[in-house]
Amino acid sequence: MEYIRLGNSGLQVSKFCIGCMSFGTPGVLFPWCLDEEKSEAVIKKALDLGINFFDTANVYSNGEAEDFLGRAIKKYANRDEVVIATKCGINMDPHHGPNQTGLSRKHIFQEVEKSLKRLGTDYIDLYIVHHYDAFTPLEETMKALNDLVVMGKVRYIGASNFHAWQFAKAQAIAEKNGWAKFISLQNPHNLLSREDEREVFPLLKDQGVSLTPYKCLLGGRLARKDDEVTSRSVTQHPSSKRTYTDDGDDEIIRRVEELASKYACSKANIILSYELSKEPIASIIVGTSSPERLEDTVRTLDVHLTKEDLAYLEEPYLPRKF
Ligand SMILES: NC(=O)c1ccc[n+]([C@@H]2O[C@H](COP(=O)([O-])OP(=O)(O)OC[C@H]3O[C@@H](n4cnc5c(N)ncnc54)[C@H](OP(=O)(O)O)[C@@H]3O)[C@@H](O)[C@H]2O)c1
């Protein structure tokens, strides 16, 4: 495994991070989620492969993903070596009551305690705000996060699903007040969706912040073999399906297949190798449905795309219209 520092911090993470959204009783969040035994097998395989970075959230299967991860880490890992990231700020229940979502001081403090309990740990390595909250003053959110760092409940902070202006504003508030700043941003990015390269990438590079992208395999749609049927593929909702109808998408996918055959590797290896080549990406969050998938994913580190390959993959891309 290869390790890299996250942003300008001293925190060392593996180049792959296990996305824990797939962990939980099937049907609670998604029908294709893995029960505890299967989740544990993936976590154990990740640790055996040298992966030390795990990304979860309070809302994944109503907290079960944190429960599963916490128990598996206790069983198989040295807590000092692993980096646990979890998130707060989203509530999947549309009928939730007041103070049950968002990034107020009250809600953040409530959620961090629940996450610590479920994870069975005294501290969270990277505490991520899941979404920008337009209703809470950003000063309140950044002060609450800073206080968690000072209290020792959280080591570092990160953001997710922020636009460039939102991220820049948050960092400026933290800077002005001498508070902890975000060391990472978790946004979607893949060969077919590269919108963040316009505003977000230059901002992160300028500020020494890492991107930890998610949805790099588009929920598996970009990486499965054409005839491959998995429990996720058959239950993926058509309305959530990013169809390859945009000009250029079909050609990009064809080129991924061509390079996979040139390098005798999987499509996932080409797609993930491409992601790792892009600054400011440090570590890729991968959703993993089995230990075998993960073994394949990690083989990406043996694939070395040339500058020409990378340009060839990008060439057909047409920026999305708003
Ligand atoms: N911050 C946010 O708002 C947010 C939102 C969504 C996700 N996330 C994070 O990102 C993580 C990943 O999300 P995701 O699972 O939706 O996206 P993904 O990583 O794009 O897709 C994962 C799927 O790709 C397939 N796959 C994985 N490795 C493969 C390989 N080597 N070869 C072929 N197929 C492979 C698997 O599908 P099969 O089941 O078909 O094997 C797997 O379920 C989540 O667990 C979560 O931590 C964050």
ask   = Looking at this model, which pairs from LYS15/LYS74; LYS75/LYS117; LYS153/LYS278 are more than 28 angstrom apart at the alpha-carbon?
value = LYS153/LYS278
Label zone at LEU301, where the point sits 7 Å out along the Cα-to-Cβ direction: region 32-46 residues whose backbone N lies under 14 Å = 46
task = With springs only between Cα atoms under 10 Å apart, run a GNM on the chain and tell me which of LYS176, LYS225, LYS45 wobbles the most.
result = LYS176
ask   = For region 105-146, what is the convex hull volume of the alpha-carbon atoms per residue, in Å³?
value = 73 Å³
inquiry  = On a full-extension model of 0.36 nm per residue, what is the gain between LYS169 and VAL229, subtracting their alpha-carbon distance, rounded to one decimal in nm?
reply    = 17.2 nm
query = Among LEU145, SER160, ASN190, whose Cα lies farthest out toward the positive end of the dipole of the chain, if unit charges sit on the beta carbon of Lys, Arg (+1) and Asp, Glu (-1)?
reply = LEU145
request  = Please work out the Cα convex hull volume for the chain and give it in Å³ per residue.
outcome  = 134 Å³
request  = Return one number: the angle in degrees, 0 to 90 and rounded to the nearest 10, between the long axis of the Cα atoms of helix 105-119 and the longest principal axis of the Cα atoms of the chain.
outcome  = 60 degrees
ask   = Using mean Cβ contacts within 10 Å as the protection proxy, how do 270-276, 306-312, 103-109 order, highest first?
value = 270-276, 103-109, 306-312
request  = Mind giving me the FRET efficiency for THR25 and ARG79? R0 is 25 Å, r the Cβ-Cβ distance, nearest 0.05 is fine.
outcome  = 0.50
request  = Could you tell me the distance between the Cα centroids of region 61-107 and region 277-322, to the nearest Å?
outcome  = 27 Å
key: Kirkwood Rh, angstrom, region 1-61 [1 / mean 1/r, Cα pairs]   = 12.6 Å
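Using 0.36 nm per residue, how much length does the chain from MET92 to SER290 gain when fully extended, once their Cα-Cα distance is taken away?
Stretched out fully, the MET92 to SER290 stretch lengthens by 68.7 nm.
Take every DSSP beta bridge with both residues inside the chain and express the antiparallel ones as a percent of the total, to the nearest 5.
Details: 4 of 32 bridges.
Of the beta bridges lying entirely in the chain, close to 10 percent run antiparallel.
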query = Taking the chain as a Gaussian network, where each spring joins two C-alpha atoms under 10 Å apart, which residue of ASN187, ASN52, ASN177 fluctuates the most?
reply = ASN177
remark   = Sorted by chain and then number, the residues having a modelled amide H within less than 5 Å of the amide H of CYS216, at least 5 places away or on another chain, are HIS189
query = What is the helix-to-structure angle for 64-76, meaning the angle in degrees between its Cα long axis and the longest Cα principal axis of the chain, kept from 0 to 90 and rounded to the nearest 10?
reply = 80 degrees
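Values in this text are rule-based calculations from the coordinates and carry no lab data. None of the values given here were measured: they were computed from a predicted structure. Every residue, glycine as well, gets a Cβ built from its backbone with ideal geometry; the counts of neighbours run over all protein chains shown.
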